[in-house]
Amino acid sequence: MTELRNKLLKDEFKEKEDIKKFPIIALLDISEEEYKLLKEMNLETIDDLASKWDQHYEKIIKKIPKERVNSWIAASRLLLVGDTDKITTGAKIVMVGTDNAGKTSLSIALKHRGALSLLFQKLYALTPTRGLLRSKIEVFGMDVHIHELGGQNVYREDYLNNPQQYFLGTDIVIYVVDVQAKDRFEESFEYLKQITNVTNALKLKVPWKIFFHKSDPEYEIDDKTTEIFSSIIEYMTNNSPYFNSAKDLFRTSVKIRSSILGAFSHIFRDISLIQHGVIDASEQAAKQLKADFFGLYDFRSNVCFAQYSEQEELEDLAHTAYYEAIETIVNMREPFLRIRRYTLDKDVNEIFILRDLRFGGDRYIMAMFTQDEEMARSLDQDAIQEIIEERLKDWIEFRGYATFPLD
Ligand SMILES: Nc1nc2c(ncn2[C@@H]2O[C@H](COP(=O)(O)OP(=O)(O)O)[C@@H](O)[C@H]2O)c(=O)[nH]1
Ligand SMILES: [Mg+2]
C-alpha cells in the first residue's frame, strides 16, 4: 500500500495520514489549473473525487481530457481502498444483434485454446441462442459477465419492452452485424435503432461498440455494403453520446482470431480507469526487455490487458503469434516457454517469446517481440518475472478496483 502511495502522491503528502481529506492536488499528476477547475465543480478532496465524480463527469471532460480525469478518479479510488471496497463490481457486457450474426462464436473464439480444428467444429455445431445466454470470462481477476441477447424476433420484443431488465448496470454494449448477410442489413440496422432508442430513453450512459463481424479474409465488401456501414456509423455518431467511430468500431472474424482478441482487449483497456498507469508500466517493461511489443495476457480469457507496442502493426502480429503458440502447448498446466522467429518487411527479424507467469495466485501469459538476440538468449524466467513484477504488480493487484461503471 505504501508503494502505491508513492506512485500516486506528491512527495509532501506521502507520509501524512487521512488520505480522504487530502486536496486533489496531492495527486502526483495534476496541475494547479486543473485542480482549480475541479474545485469550481465542488470536487476538492480525494474523497470527493472517489465518491462524487459521476455527478460532474460530463462537465469536467469538456474541459480536461477524459483520460486525465479517469486516471485521477482511479487514483483516488485506489488510495481509498478499504474504505470503498464495494467498488469491486466486475463488469457486464451485453452483446446484441440479429440471430446468426456470430455473437456466441465471438466469445468462444476468444477463449478457445488447443487445436484450431476443434474450434471450428465447435462453431459449426452452434445453434441459435434462445433468449438470454450468460457466460463469464475473467480479465485480470475481474469477472466479466457477458450477456448475449438471443436475436430472434420473438425475444427482441421482450428486450425492447423491458429494457431495464436487460441493460441496467451494463458497462459496454456490443452490437454485432453480420457483414455477409446482405439480405438482413435493413433488419439489423432497424434493430440497432430500436435498441439505441430504448437505452437512450433509459438514459443509460453506455459505451457502444460495433462489430462488423464475419469480415473473413477472403470476403470482399461491395459498394452497397460500404454504404450501409457508413449510415450505421453516422447514425451511431449522432445518436449515441459515447460513440466514437475511430475507436469503437471493429472488424472481426473467427478466421482471424487476432481481430477478436484485439477488439476485446481494446475494449477492456478502454473502460479501465487505470489504463494510463498500465500503459506507462507496460512501456517501461518493454523498454527494459528491449521489446518492440510487450503484452500481458490473461491466462483464462486470453484478453491482453497490459500492452505496449512500438508500431501498431506489431499488435496484430503479436496476437496471431500468441494464438499460434498456445495452440501447440499440450499441457498448459506445466510452465512453458515458446520462442519463434518472424521475418517482417525489410528483413527485420523479430524474436517472439511467450511464457507463463504467476502473480499471487493468478496466472498470466507474457508475449514479446524483440530484435535483440542477446536479450532473447540471456533472458531467464526469473529475470522476466522480476521485471514485470516490478513494473506491473501494483496495477495487477488493484485492477479490480479500476472498472469504470459509467452509470
Ligand atoms: N464465415 C464466418 N462465419 C462465422 C463467423 N462467426 C460465426 N460464424 C458462423 O455464423 C453462425 C452463427 O453463429 P452464432 O455465434 O451462433 O450466432 P449468434 O446467433 O449471433 O449467436 C455459425 O454457423 C458460425 O459458425 C465468422 O467470423 N465468419
Ligand atoms: Mg448465439
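Residues considered: Ser265, Ser135, Ser301. Largest GNM mean-square fluctuation over the chain, using C-alpha springs under 10 Å, is found at Ser135. For the chain, DSSP calls about 70 percent of its internal beta bridges antiparallel.
Length gained on full extension, Glu234 to Arg130, computed as 0.36 nm times the residue gap minus the Cα-Cα distance: 34.4 nm. Within a straight-line Cα-Cα reach of under 30 Å, Lys21 can be paired with the following lysines, leaving aside sequence neighbours fewer than 8 residues apart in one chain: Lys7, Lys10, Lys36, Lys39, Lys52, Lys59, Lys62, Lys63, Lys66, Lys86, Lys205, Lys393. Our compactness index for the chain, the C-alpha radius of gyration over the empirical 2.2 N^0.38 Å, is 1.03. When Rg and Dmax are taken over the Cα atoms of segment 2-86, they come to 11.9, 34 Å.
Counting charges near Ile146 (Lys, Arg +1; Asp, Glu -1) among other residues having Cβ under 13 Å from its Cβ returns a value of +2. Taking amide hydrogens as placed 1.01 Å from N in the peptide plane, the amide H of Ala306 sits under 5 Å from those of Leu296, each at least 5 positions away in sequence or on another chain. Computed from phi, the 3J(HN,Hα) profile of segment 164-177 under the Karplus parametrisation 6.51, -1.76, 1.60 (θ = phi - 60°) reads 4, 4, 9, 10, 4, x, 8, 8, 8, 10, 10, 9, 9, 10 Hz, with x in place of Gly and Pro.
Place a label point 7 angstrom from the Cα of Ser245 along the Cα-to-Cβ direction, then list the residues of segment 206-227 whose backbone nitrogen is under 17 Å away. Residues passing the 17 Å test: 208-213, 222-227. 3J(HN,Hα) along segment 322-332: 4, 5, 4, 5, 6, 5, 8, 8, 6, 10, 6 Hz, from the Karplus curve 6.51 cos²θ - 1.76 cosθ + 1.60 with θ = phi - 60°, whole Hz, x for Gly and Pro.
May I ask which residue of Leu344, Gln194, Leu80 lies farthest towards the positive end of the charge dipole of the chain, with charges of +1 (Lys, Arg) and -1 (Asp, Glu) on Cβ and the Cα centre as origin? In the chain, that residue is Gln194.
What percentage of all Cα-Cα pairs in segment 275-401 are separated by more than 24 Å? Walk me through the numbers on the way to the answer.
On the way: 1667 of 8001 pairs.
Percentage above 24 Å: 21.
Normalised Debye scattering of segment 1-152 at q = 0.09, 0.13, 0.17, 0.21 Å⁻¹ gives log10 I(q)/I(0) of -0.48, -0.74, -0.93, -1.23, counting only Cα atoms as equal scatterers and leaving out solvent.
Within the same chain, lysines fewer than 8 places from Lys103 are excluded, and of the rest, those with a Cα less than 19 Å from its Cα are Lys92, Lys111, Lys122, Lys136, Lys182, Lys193, Lys209, Lys214, Lys255. In plain terms, the chain from Lys346 to Ser378 could stretch by 8.9 nm, reckoned as 0.36 nm per residue minus the Cα-Cα distance. For segment 91-255, the Kirkwood estimate of hydrodynamic radius, built from reciprocal distances between every pair of different alpha carbons, is 16.4 Å. A quarter of the convex hull surface defined by the alpha-carbon atoms of segment 229-294 gives 6.0 nm² as the mean projection.
For segment 193-235, the set of GluC sites (Glu not before Pro) satisfying both a DSSP loop assignment and a count of at most 14 other C-beta atoms within 10 Å is given as Glu218, Glu220. Highest mobility in the GNM of the chain, judged by mean-square fluctuation with C-alpha springs under 10 Å and restricted to Ala50, Ala26, Ala246, is found for Ala246.
May I ask you to list the trypsin sites (Lys or Arg not before Pro) in segment 15-116 that are in a DSSP loop and have at most 12 other Cβ atoms within 10 Å of their Cβ?
Details: sites: Lys16, Lys20, Lys21, Lys36, Lys39, Lys52, Lys59, Lys62, Lys63, Lys66, Arg68, Arg77, Lys86, Lys92, Lys103, Lys111, Arg113; in loops: Lys16, Arg113.
Here the trypsin sites (Lys or Arg not before Pro) that fit, given the DSSP loop and packing criteria, are Lys16.
Of all the options Lys224, Lys247, Lys14, the one that moves most in a Gaussian network model of the chain with Cα springs shorter than 10 angstrom is Lys224. Note on Lys16 and Glu334: their simple-model spin labels are 5.6 nm apart, each label 7 Å out from Cα toward Cβ. Between the amide H of Met95 and those of His147, Glu148, Leu149, Ile174, distances stay under 5 Å, these residues lying 5 or more places away or on another chain, with hydrogens modeled in the peptide plane.
Each reported figure results from applying straightforward, stated rules to the coordinates on display, with no laboratory input. For clarity, every value in this text was computed on a predicted model and none was experimentally measured. Cβ sites come from the backbone with ideal geometry, for glycine too, and all protein chains shown count toward neighbours.
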